[in-house]
Amino acid sequence: MIELFFVTCLISDPQHCTEHSLLFEQRNGLFTCMLEGQNELARWVAAHPDDQVREWKCRRPEAAETDI
């Protein structure tokens, strides 16, 4: 599995941020996440118009604990 990790913040209060995570099967590894992740983020932003994506990255889920 590959994780798309991203942080969103409220447009009205940029200091109020939330971490999110979506998982992809590891068919083509990080490359798939980098390509499909942008589409997933666009869908997420369209469904949450009060938020903006501050940062995002693709990583292996087991790296989550040491990556933050």
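All of the numbers you see were taken from the coordinates with simple rules; none came from a lab. Since we're looking at a predicted model, the values are computed, not measured. Neighbour counts run over all protein chains shown; Cβ positions are idealised from the backbone, glycine included.
Taken over segment 8-44, the criterion of being aliphatic (A, V, I, L, M) and either surrounded by 14 or more Cβ atoms within 10 Å (Cβ to Cβ) or touching a Gly at 6+ places or on another chain (Cβ under 7 Å) (or both) is satisfied by LEU10, LEU22, LEU30, MET34, LEU41.
From the list PHE6, PHE24, exactly one residue is in contact with a His (Cβ under 8 Å, 6 or more places away or on another chain), within 14 Å of ARG60 (Cα to Cα) and of a type in the set (A, V, I, L, M, F, W, C). Which is it? Among PHE6, PHE24, only PHE6 is in contact with a His (Cβ under 8 Å, 6 or more places away or on another chain), within 14 Å of ARG60 (Cα to Cα) and of a type in the set (A, V, I, L, M, F, W, C). Only residues that are exposed (fewer than 11 other Cβ atoms within 10 Å of the Cβ) and of a type in the set (A, V, I, L, M) were counted across segment 45-54, and they come to 2.
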